[in-house]
Amino acid sequence: MEKSFYQSLFEKNEKWIEKRLTDDPDFFKRMARGQSPQLLWIGCADSRVPANEIIGTEPGEVFVHRNIANLVVHTDMNMLSVLDYAVNVLKVKHVVVCGHYGCGGVQAAMGNKSYGVIDNWIRHIKDVYRFHKDELDQIHQEDQKFNRFVELNVVEQVFDLAKTSIVQNAWKNDQKLSIHGWVYSLSDGKIIDLNVNFNNNSELHKVYQLKN
């Protein structure tokens, strides 16, 4: 009888455990003692974009939150809870928003087709298009426009991340915290730094700078 994909996962897990213990007999004991990651990764839920593998890190080194099109939405309690725990409990030093070329969520936001409930989520990406309409409408090659839209979506999410009260309070308390925007290329595995980085709120409009 042919093994199902589901059943094969348990066998793969056993092989993974065996390899880990061969390489490092204390691996699971160390993992059980706790975590101290320096990085929070906010990425897309796309199965082709596994955070740890892309940047070559081990379990325990990266705290991860993923959703469709790597959005930072101020009413998303899931994202905010992860961010709060990462910044205020784990004391991460870096937060990265990482998008990827070929993102289905961004592609859907470029069109007018209705997909159901997800339309409400994708609307946040459509807002990004509205903010950058002049630039995007000047790009006539659809693939180039798509790629630039992916990049601009990351840029806006980094700005939205900087505006959160969680990040603002960390900076106000002189906590060392840097936030960054990256894009991952599915075609060659490379990460592109979009050079949108914040270490404090000085680059934000004054209306977003929270004070006591």
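No lab work stands behind these numbers, since they all come straight from the coordinates. Values in this document were obtained by computation on a predicted structure and should not be read as measured data. Note that each Cβ is placed from the backbone with ideal geometry, even for glycine, and that neighbours are counted across all protein chains shown.
The Cα-based radius of gyration and maximum Cα-Cα distance (Dmax) for segment 116-197 are 15.1, 46 Å.
The Rg/Rh ratio of segment 64-126, with Rg taken over Cα atoms and Rh as the Kirkwood radius over Cα pairs, comes to 1.04. Here each label is just a point 7 Å from Cα along the line to Cβ, and for Asn199 and Ser178 those points are 0.7 nm apart. Calculated mean residue ellipticity, 222 nm, the chain: -14000 deg cm²/dmol, from DSSP H runs (n ≥ 4) at -39500 (n - 2.57) each, averaged per residue and rounded to 500. Summary: within the chain, the longest segment free of GluC sites (Glu not before Pro) located in DSSP loops with at most 16 other C-beta atoms within 10 Å is 62-202. Taking 7 Å steps out from each Cα toward its Cβ at Asp23 and Asn52 produces label points 0.9 nm apart.
Based on a Kirkwood Rh over C-alpha pairs, give the Stokes-Einstein translational diffusion coefficient of segment 83-156 at 10 °C and viscosity 1.306 mPa s in µm²/s. Estimated diffusion coefficient is 116 µm²/s.
So which of Lys145/Lys190; Lys19/Lys190; Lys113/Lys145; Lys113/Lys133; Lys91/Lys190; Lys176/Lys211 end up more than 22 Å apart, counting from Cα to Cα? Lys19/Lys190; Lys91/Lys190, as the Cα separations exceed 22 Å there.
DSSP assigns beta bridges within the chain; of those with both partners inside it, close to 20 percent run antiparallel. Working note: Cα atoms of the chain, range along each principal axis, descending, whole Å: 55, 50, 31.
Screening the chain for whole DSSP H helices with an alpha carbon extent of at least 15 angstrom along the helix axis and a mean Kyte-Doolittle hydropathy of at least -1.0 yields 77-88, 118-131, 142-163. Working note: Cα atoms of segment 15-70, range along each principal axis, descending, whole Å: 38, 24, 15. Around the Cα centre of the chain, unit charges on the Cβ atoms of Lys, Arg, Asp and Glu (plus for the first two, minus for the last two) sum to a dipole of about 560 debye. Kirkwood radius and radius of gyration were both taken over the C-alpha atoms of segment 1-114, and their ratio Rg/Rh is 1.05.
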